[in-house]
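Everything below concerns the one structure shown next.
The values are calculated or read from the model by the stated rules, or taken from the named source; none is laboratory data. If you're wondering where the values come from, they're calculated on a predicted model, not measured in any experiment. Neighbour counts run over all protein chains shown; Cβ positions are idealised from the backbone, glycine included. Keep in mind that these areas ignore ligands, DNA and RNA; they rest on the heavy atoms of the full protein, side chains included. Shrake-Rupley method; radii C 1.70, N 1.55, O 1.52, S 1.80 Å.
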Amino acid sequence: MFRAIPDEEAAATVEAAWDQGIRYFDTAPFYGAGLSEIRLGDVLSQHPRDEFVLSTKVGRVILDEIEDPAARDLGEKGGLFEHGRPNKMVNDYTAEATLRSIEDSLKRLRTDRLDIVWVHDVAQDFYGDEWPAAHESARTGAFRVLQTLREEGVIKAWGLGVNRVEPLELTLDLDEPKPDAFLLAGRYTLLDHDRALQRLLPDAATQGVDIVVGGPYSSGILAGGTHFDYQKAPAAVIDKVERIKALAERHRIGVKAAALQFSLAHSATVAAVPGATKPSRIAEDLAALDETVPAAFWTALREQKPITDSAPVPAA
């Protein structure tokens with residue numbers, strides 16, 4: 001996303017995850033114009049297919065035509081994946097494009113099936129005020145195709161993979177098609193959770209729609225990085241992170257532990273995708289899950305307002 005990662009480092013990261021018991025892997029054609037899928041497939045094809053859960057995304061078709069990755073129009077996400085393949089990417093949520101995208105992903109991933117398919121980025125950060133039109137195109141195209149594939153047993157589940165709450169709320173209001181789950185990135189974290197708590201998470205829990213939390217470290221700022229929401233973190237966010245760090249130090253816990261455990265504490269959230277890029281990060285993430293966070297820390301967070309009073313926290 002932010003740097004050129006050698007093939008060997010990418011492979012070692014996936015192998016480290018496998019060796020330490022991780023069995024859910026998420027990717028997308030968008031990530032490096034197919035590079036993420038190719039690299040993931042190279043490693044996972046060496047393991048028994050029935051032993052892991054695999055998800056990828058539809059909404060972008062990768063062409064053989066070449067373009068300058070740095071010149072792509074990615075809405076608010078300009079500059080991402082400059083170090084990926086230079087293949088041209090076309091946004092397309094129609095039924096035909098959805099089927100083609102799945103077929104191409106299967107080839108890149110070197111597998112015969114997908115478990116979960118997410119409809120990718122039908123939201124404001126990529127389409128601005130035109131996002132409802134993108135969502136409607138997906139509703140009449142990708143949504144219906146994926147529901148049919150699920151009913152036929154070709155895939156096990158489908159939903160949306162987005163960075164904004166509103167498209168998910170709109171999807172929950174539909175009479176049909178009905179999703180199984182959502183991948184929500186960056187909107188249920190220590191730094192940003194108010195909007196998701198107001199309606200989305202309660203409604204999702206009521207309807208039995210699971211939430212996979214993407215980006216629990218808010219693009220890295222909660223894990224020692226400098227990015228928030230895929231861009232350089234603004235001063236207000238840095239200040240909030242410093243206050244969280246100070247509380248964490250006072251209670252002798254890691255910020256990563258607080259961030260990861262907070263994202264998984266809500267009854268609607270079922271998994272988190274931290275997005276490791278180095279083998280060592282896998283052990284750090286697992287240690288963060290196992291770290292004991294005292295109840296006093298969560299109380300202090302509420303009192304100082306980094307988290308809202310209504311946000312569930314892990315049991316002591």
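Quick notes on this structure:
- Pick from segment 146-160, criterion more than 15 Å from L172 (Cα to Cα) and open to solvent by 20 Å² or more (accessible area, probe 1.4 Å), ranking: nearest to the chain's Cα centre (by Cα): K156
- Residue ID - modelled with the highest pLDDT, chosen from residues in segment 228-248 that are part of a loop (DSSP other than H, G, I, E, B) and crowded, with 18+ Cβ neighbours inside 10 Å: A233
- Residues satisfying the stated conditions in segment 201-226, i.e. touching a residue at least 60 places away in the same chain (Cβ under 8 Å) and part of a loop (DSSP other than H, G, I, E, B): G215
- Residue within segment 68-89 that is within 17 Å of F126 (Cβ to Cβ), touching a Lys or Arg at 6+ places or on another chain (Cβ under 7 Å), outside any loop (DSSP other than H, G, I, E, B) and open to solvent by 20 Å² or more (accessible area, probe 1.4 Å) present: yes
- Residues of segment 156-185 classified as within 13 Å of D121 (Cβ to Cβ), hydrophobic (A, V, I, L, M, F, W, C) and assigned to a strand (DSSP E or B), total: 6
- Test: residue in segment 118-141 that is more than 30 Å from D175 (Cα to Cα) and open to solvent by 60 Å² or more (accessible area, probe 1.4 Å): no
- Qualifying residue in segment 30-52 (condition: touching a Ser or Thr at 6+ places or on another chain (Cβ under 9 Å), more than 24 Å from L99 (Cα to Cα) and polar (S, T, N, Q)): no
- Of the residues making up segment 1-29, those that are in contact with a Phe, Trp or Tyr (Cβ under 7 Å, 6 or more places away or on another chain) and of a type in the set (A, V, I, L, M, F, W, C) are M1, F25.
- Which listed residue is touching a residue at least 40 places away in the same chain (Cβ under 8 Å), charged (D, E, K, R) and in contact with a Leu (Cβ under 9 Å, 6 or more places away or on another chain), from R60, R72, R108: R108
- The one condition in (1) surrounded by fewer than 21 Cβ atoms within 10 Å (Cβ to Cβ); (2) within 29 Å of A10 (Cα to Cα) that E303 fails to fulfil: (2)
- Subset of segment 227-261 [over 16 Å from W298 (Cβ atoms) and either among the polar types (S, T, N, Q) or without any contact (Cβ under 8 Å) to a residue 60 or more places away in the chain (or both)]: F228, Q231, K232, A233, P234, A235, A236, V237, I238, D239, V241, E242
- Scanning segment 22-36 for residues that are within 16 Å of A283 (Cα to Cα) and in contact (Cβ under 8 Å) with a residue 40 or more places away in the chain returns I22, Y24.
- Count - residues of segment 249-282 that are surrounded by 13 or more Cβ atoms within 10 Å (Cβ to Cβ) and either at positive phi or part of a helix (DSSP H, G or I) (or both): 13
- Neighbours by Cβ (under 8 Å, 6+ apart or cross-chain): first from segment 292-315, over 24 Å from P202 (Cβ atoms); second loosely packed, with under 12 Cβ neighbours inside 10 Å and at pLDDT 95 or above: A300/R250
- Filter result (within 29 Å of D50 (Cα to Cα) and of a type in the set (K, R)) within segment 60-117: R60, R100, K107, R108, R110, R113
- Taken together, the residues in segment 41-67 that are of a type in the set (S, T, N, Q) and either part of a loop (DSSP other than H, G, I, E, B) or at pLDDT below 95 (or both) amount to 2.
- When segment 200-227 is limited to residues that are more than 10 Å from A268 (Cβ to Cβ) and of a type in the set (S, T, N, Q), the one that is surrounded by the fewest Cβ atoms within 10 Å (Cβ to Cβ) turns out to be T226.
- Within segment 37-56, residues that are surrounded by 13 or more Cβ atoms within 10 Å (Cβ to Cβ) sit with their Cβ atoms under 9 Å from residues that are of a type in the set (S, T, N, Q) and in a strand (DSSP E or B), at 6+ positions apart or across chains, in these pairs: E37/T56; L40/T56.
- One residue alone among L114, L99 is modelled with pLDDT of 95 or more, under 29 Å from R3 (Cβ atoms) and either part of a helix (DSSP H, G or I) or among the aliphatic types (A, V, I, L, M) (or both), and that residue is L114.
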